[in-house]
4 protein chains.
Amino acid sequence: MKNTIGNHVSVTLFGESHGPSIGVVLDGLAPGMRVDEEYITAMLAQRRPAGALSTARREPDPFVIESGVWQGYTTGTPVCIRIPNTDTRSGDYADTRWLARPSHADYTAHQKYHGFEDYRGGGHFSGRLTAALVAAGALVMPSLVAKGIAIGTHIQRCAGVADRDFGDIAQDIAALQKLDFGALDAAAAEEMQQRILKAKAEGDSVGGVLETAVIGLEPGLGEPWFDTVEGVLAHALYAIPAVKGVEFGAGFGLADMTGSVANDAFCQTDRGIATATNHSGGVNGGITNGMPVIFRCAVRPTPTLSRPQNTIDMRTGEAAVLQSKGRHDPCIVHRARVVVDAVTALAVCDLLAGRYGTDWLGAQ
Amino acid sequence: MKNTIGNHVSVTLFGESHGPSIGVVLDGLAPGMRVDEEYITAMLAQRRPAGALSTARREPDPFVIESGVWQGYTTGTPVCIRIPNTDTRSGDYADTRWLARPSHADYTAHQKYHGFEDYRGGGHFSGRLTAALVAAGALVMPSLVAKGIAIGTHIQRCAGVADRDFGDIAQDIAALQKLDFGALDAAAAEEMQQRILKAKAEGDSVGGVLETAVIGLEPGLGEPWFDTVEGVLAHALYAIPAVKGVEFGAGFGLADMTGSVANDAFCQTDRGIATATNHSGGVNGGITNGMPVIFRCAVRPTPTLSRPQNTIDMRTGEAAVLQSKGRHDPCIVHRARVVVDAVTALAVCDLLAGRYGTDWLGAQ
Amino acid sequence: MKNTIGNHVSVTLFGESHGPSIGVVLDGLAPGMRVDEEYITAMLAQRRPAGALSTARREPDPFVIESGVWQGYTTGTPVCIRIPNTDTRSGDYADTRWLARPSHADYTAHQKYHGFEDYRGGGHFSGRLTAALVAAGALVMPSLVAKGIAIGTHIQRCAGVADRDFGDIAQDIAALQKLDFGALDAAAAEEMQQRILKAKAEGDSVGGVLETAVIGLEPGLGEPWFDTVEGVLAHALYAIPAVKGVEFGAGFGLADMTGSVANDAFCQTDRGIATATNHSGGVNGGITNGMPVIFRCAVRPTPTLSRPQNTIDMRTGEAAVLQSKGRHDPCIVHRARVVVDAVTALAVCDLLAGRYGTDWLGAQ
Amino acid sequence: MKNTIGNHVSVTLFGESHGPSIGVVLDGLAPGMRVDEEYITAMLAQRRPAGALSTARREPDPFVIESGVWQGYTTGTPVCIRIPNTDTRSGDYADTRWLARPSHADYTAHQKYHGFEDYRGGGHFSGRLTAALVAAGALVMPSLVAKGIAIGTHIQRCAGVADRDFGDIAQDIAALQKLDFGALDAAAAEEMQQRILKAKAEGDSVGGVLETAVIGLEPGLGEPWFDTVEGVLAHALYAIPAVKGVEFGAGFGLADMTGSVANDAFCQTDRGIATATNHSGGVNGGITNGMPVIFRCAVRPTPTLSRPQNTIDMRTGEAAVLQSKGRHDPCIVHRARVVVDAVTALAVCDLLAGRYGTDWLGAQ
């Protein structure tokens, strides 16, 4: 499988930035999962936030559920969600068609598809396809919540500014849902936004780190070799454009710890067996241990800049200077937050369906 | 699939630490790949290095190729490599059976398998199974080399000591093959080993970071969504026990860069199109761009310590103190190096077979 | 995977008879395959033939290629073809909602989906979804033809009337493309149609056998265990509603032969090595041997009848009589012909991509 | 996946007839399934029956469970069962190495593997590998029985002689377990065996049809498109060497029925909803309907004959005469019976695990 992920609940993405539509097919969902179209709309809106950070607010992407949902519930058959493309100005691209944008996929797509790629607006590689991912994640999220599972992501770091750590995770996840800019500390959020605007003014861009928590997972999800919780999640998360690192628990910080510091001692609590610390990020031996699953994604700065950049012409191999025109986001960290939530929700559905069977997440 | 990875070249691990055998089945290999049993033996020996760092040198694990190889070449049918278990002293485990070792898989295995797990020596979760992975990787490696692809991993960091960066990667990879302790800088290697011995003396353990380079990959490998090069590699790498983070190129370091610094400008070289820097680690949009693929794995300190540790009894949930007995490695970073190489080699075979077809890596 | 088939070229179906759209996602296609929309239209028209046998001629289903095709060629990214539903009169179904149509999927869908199924018009089980399969098959067919591969299906038997056997297969396949009713012998075709009309007049339905030939396949496709050519094709063909048997070569006829009759002697011909007979249907040990691949599908009579039928009410379990209203096809054998071609074309693409790599069927 | 089948419970075969071992890896089994090694031995013995029909009785194949079973129960981790090869006389094969045996896989293997195939004794294509399948099926069968599911296969037809139909299926399945030669009617069994001996005396071979019943399956197993019960079973069954046709219910017989005869009317019984007839073989729309799942496999006559046969030399393409030496089975229908049972048991496990989750078949 190429553009599909998931053993039990599978997700297939299709579409190009300037084609008729983008979309997603979800298969393996339980019948009887309640579908909340307003919630999908709300999550799509979080991917396109208001304010000076991004281009002027546009309405969230309208979507059509083509199949698999009836009378407000999943039917158990494949769900296709389609988002028509509008506002596509293909003419803009002709004069830069052969100039490979640095750290974009123009060159690799050209090598892979031998010139048949639809290069307009990044084609199939466009970040726009994450809208379909968000819609898919938003479709399943309420069923996870109904099972006591919550997922939330905050901007742990952006443009060199750090957010506070997760505290009471359930409360923080609830709070994050209402934030337009997903940093838990208001002052940090303000400072991050100032630096994003500064980068924008300089024709530059900034990156950051997103930190995610998943709570309410029973122990026992995941497999020892290959389909570890870490491997399954990382595989999915790396599909998000701009993610270049994924770490669990203390992650790279573990490299400099001693075992006596790093180890998470088991202990008895009033909620059952737990660990005193959570340096392992809720996963031991690839399997959930009942503690919150915690991970972080490194998000590179947006590669599209309004500054001139050195590159080559893909036809001739000759040096060229690329001067991008039009609107560009100086940062996508805050927009990627909800994409990480969505990808995580879909991966969690897959793990649950494998363990508990097809019907578990539904009304039965 | 649970204990299997790979779409085209698939790898299935089986075995428990104290069962009759561990092993691996490789399917989808080209017919006509030359198999070098001495090289397999050598790579297995690197997983069990000599010296004071580990237990006294033992011979490398003897292996049996049960199928799929004939007269020195792969036949194109599934290859099963089996490594019999010997030297298993099961009696050692009975009195600590119910004490969950912190940050080990005892508790999660118990939750997942409801008490039917073979807990002896970590069972299916034992690091011993990486011997089968190493044998599998060593079986395919010469065919990659014959295609101009080289893979090498150095200990970028261990016990707080940093190695030098990769320089001439081809030379460094060649040098690493001959090193017992895989740090490129001799002084750093010495210091790392001293600190490992110190940790051992204190009943403690240390971790580190492994950095890997893959050179010789053509542009165009990988898929835009989900089966990205990063996703495919990370999925496989997280199977290695103790890996808790994977990052590509500048990885988490990208989070604090601006786009104008992070972007890798394309340029023309005497070897064709390249990029002036390689912060992207050889991958744009999930697809190889022809630059070296560079990634790092965070390796946690070995969770088994000779110090007493707090835990619980899994039967009763009551607090307990675990006092491990016997030999324990104070560090596995240097041993995991060859496991990372092997896993990488197998994932690269999978990517190549998907793009170029079944026969490409063989003699045809 | 549930509603997906194919290891290398994958096909995912979505949609319900009375939902907004049905459709298909094809992934793993080579870039640079020429797409002929007129040919797709023509194959869709063959699924809805003219004449008294079926309902009055309607135009072929309009389709939209949402992604993966640009400027007349596949791009190499997922192709979504969508066919909007129109002419859906949902009101018709309310009063028979709980009466399980015999040999239809109403009862099994109800058991599987716990009442959340969209039952209108058969929902996801509707034969209408084969239109999406036909469109997908028609999209890839010209690329197979360009590689010298031809696929054709004739009505070997219908309503008790036998067609002549395949003769010169290439010529017969060419002739079949132009036939509205796909029997090779004109007199047999006429007799079959008379019997279909007779069944219709009696409120009854008839079945038949479809025989397919694939020519131009190189020896060496398929795998010895599990992904045999027979297994891969049969898996796909059984997705066609009404197919209840699949046999290769002499098939069930082999059961009564002796080995000395059944065996296909190898011989040298001016076109290379061949076999003197083809009782094996072009497949030995699961692998193509270069002879035409020949198979037959048993097609049951359409289960929808205008006669009253005994059944039960799914709510109460009580006996009931079902009196279907509206138009019903007294036979689908002739319509299923092009569906078998399409499914075969897709399965062949999958086998080819596995062996020769992703790009093989494209312009490269 | 090539030599692997199953989405949830996966089966991977390895081995060559004259290599060190053949074997199978089962993954995705529930923890806590009771393993009965005597039963495995008994089923392996049925694959190698006594008497004049086959070569002189040899002991059943000794097997080693290398992993995944401990203290008599599955652990939930991959089960590897290995059967060492003994009694391999490779020298016999050298002088016929290049003569492609008609209707065997020699030629197709040579084309597929480019001469690297281990041709001795059929290599990976040898019917001997079905011993590993039988062992795997026998490992899971008692857990199916514990859930009220029974599987049995009788020789519906052999050498032109017909067995009686299934009567009381549960009783017939019980009876079949005790039969050495699996025809339900004793006189038919005797006649079949006489004809097999006659064929043997003539240096020839005979084929037949195996009919299988699966009882105790709940309604709702299977998927509408592609992973239909028929498609999943047929895919697996075609892996059995010599199977060239698979049909469900009335199968090809449906082609000549009218719908009013073929349809299975639903009715209420004291055991719940059932159908008055079972022409659909227990499957509607690809999904089980609670009636017995009934299917038949066409088994070709053994292609190995002691008569001289015309063929070619694969090196030169020149005509040659093949004179096989040594022992050959004049019929494998009676031996394949238990292989069909095993393959069916494994496919049923896969369907169950997909629907009810990983643990369902275990002790939990």
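Summary table
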{"item": "Residue match in region A:30-48 (condition: modelled with pLDDT of 95 or more, of a type in the set (Gly, Ala, Ser) and over 19 Å from the mean Cα position of the chain (by Cα))", "result": "yes"}
{"item": "Top-ranked residue of region C:130-183 - restricted to ones that are small (Gly, Ala, Ser) and in a strand (DSSP E or B), ranked as surrounded by the most Cβ atoms within 10 Å (Cβ to Cβ)", "result": "C:GLY152"}
{"item": "Meets criteria (of a type outside the set (Asp, Glu) and at negative phi) for D:ALA242", "result": "no"}
{"item": "Qualifying residues in region B:349-364 (those that are small (Gly, Ala, Ser) and touching a residue at least 12 places away in the same chain (Cβ under 8 Å)) - the one surrounded by the most Cβ atoms within 10 Å (Cβ to Cβ)", "result": "B:GLY354"}
{"item": "Any pair with Cβ under 9 angstrom, 6 or more apart, that starts in region D:315-338 at a residue that is closer than 20 Å to C:ASP264 by Cα and ends at one that is among the aliphatic types (A, V, I, L, M) and surrounded by fewer than 14 Cβ atoms within 10 Å (Cβ to Cβ)", "result": "D:PRO330/D:ALA201"}
{"item": "Among (1) more than 7 Å from chain B (Cβ to nearest Cβ); (2) buried (at least 22 other Cβ atoms within 10 Å of the Cβ) - the single one A:MET314 does not satisfy", "result": "(2)"}
{"item": "Region A:85-114 - residue that is assigned to a helix (DSSP H, G or I) and among the acidic types (Asp, Glu) and, of those, modelled with the highest pLDDT", "result": "A:ASP106"}
{"item": "Filter result (closer than 14 Å to C:MET33 by Cα and over 20 Å from the mean Cα position of the chain (by Cα)) within region C:68-86", "result": "C:GLY68, C:VAL69, C:TRP70, C:GLN71, C:GLY72, C:TYR73, C:THR74, C:THR75, C:GLY76, C:THR77, C:PRO78"}
{"item": "Cross-chain or 6+ apart pairs with Cβ under 6 Å, region B:179-202 first and at pLDDT 95 or above, then among the polar types (S, T, N, Q)", "result": "B:ALA199/B:SER205"}
{"item": "Any pair with Cβ under 8 angstrom, 6 or more apart, that starts in region B:223-238 at a residue that is more than 22 Å from A:ILE287 (Cα to Cα) and part of a helix (DSSP H, G or I) and ends at one that is at pLDDT 95 or above and β-branched (Val, Ile, Thr)", "result": "B:VAL229/B:VAL283; B:VAL229/B:ILE287; B:VAL229/B:THR288; B:VAL229/B:VAL293"}
{"item": "Long-range neighbours under 9 Å by Cβ, at least six apart or interchain, first residue more than 23 Å from D:PRO20 (Cα to Cα) and away from chain C (no Cβ under 14 Å) within region D:90-109, second in a loop (DSSP other than H, G, I, E, B) and modelled with pLDDT under 95", "result": "none"}
{"item": "Residue selected from region C:18-29 under the condition touching a Ser or Thr at 6+ places or on another chain (Cβ under 6 Å) and more than 7 Å from chain A (Cβ to nearest Cβ), by the criterion modelled with the lowest pLDDT", "result": "C:HIS18"}
{"item": "Subset tally (residues that are surrounded by 24 or more Cβ atoms within 10 Å (Cβ to Cβ), assigned to a strand (DSSP E or B) and at the interface with another protein chain (Cβ under 9 Å from one of its Cβ atoms)) for region B:186-222", "result": "2"}
{"item": "Scope region B:104-157; condition over 18 Å from the mean Cα position of the chain (by Cα) and among the charged types (D, E, K, R); matching residues", "result": "B:ASP106, B:LYS112, B:GLU117, B:ASP118, B:ARG120, B:LYS147"}
{"item": "Scope region A:319-338; condition of a type in the set (S, T, N, Q) and either surrounded by 13 or more Cβ atoms within 10 Å (Cβ to Cβ) or modelled with pLDDT of 95 or more (or both); matching residues", "result": "A:SER324"}
{"item": "Of residues in region C:110-142 being out of contact with any helix residue (DSSP H, G or I) (no Cβ under 8 Å at 6 or more places or on another chain) and among the hydroxyl-bearing types (Ser, Thr, Tyr), the one nearest to the other protein chains (Cβ to nearest Cβ)", "result": "C:TYR113"}
{"item": "Residue match in region C:253-271 (condition: touching a strand residue (DSSP E or B) at 6+ places or on another chain (Cβ under 8 Å) and on the phi > 0 side of the Ramachandran plot)", "result": "no"}
{"item": "Out of D:GLY68, D:GLY15, sole residue that is at pLDDT 95 or above, within 14 Å of chain C (Cβ to nearest Cβ) and surrounded by 24 or more Cβ atoms within 10 Å (Cβ to Cβ)", "result": "D:GLY15"}
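Okay, residues lined up against (1) closer than 27 Å to C:VAL261 by Cα; (2) under 28 Å from the mean Cα position of the chain (by Cα):
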| residue | (1), (2) |
| --- | --- |
| D:GLY251 | yes, yes |
| D:ASN263 | no, no |
| D:ALA274 | no, no |
| D:GLY281 | no, yes |
| D:GLY290 | no, yes |
| D:ILE294 | no, yes |
| D:VAL321 | yes, no |
| D:PRO330 | yes, yes |
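The values are calculated or read from the model by the stated rules, or taken from the named source; none is laboratory data. These numbers were taken from a predicted model, which means no experiment stands behind them. In this analysis, Cβ positions are derived from the backbone assuming ideal geometry, glycine residues included, and neighbour counts consider all displayed protein chains.
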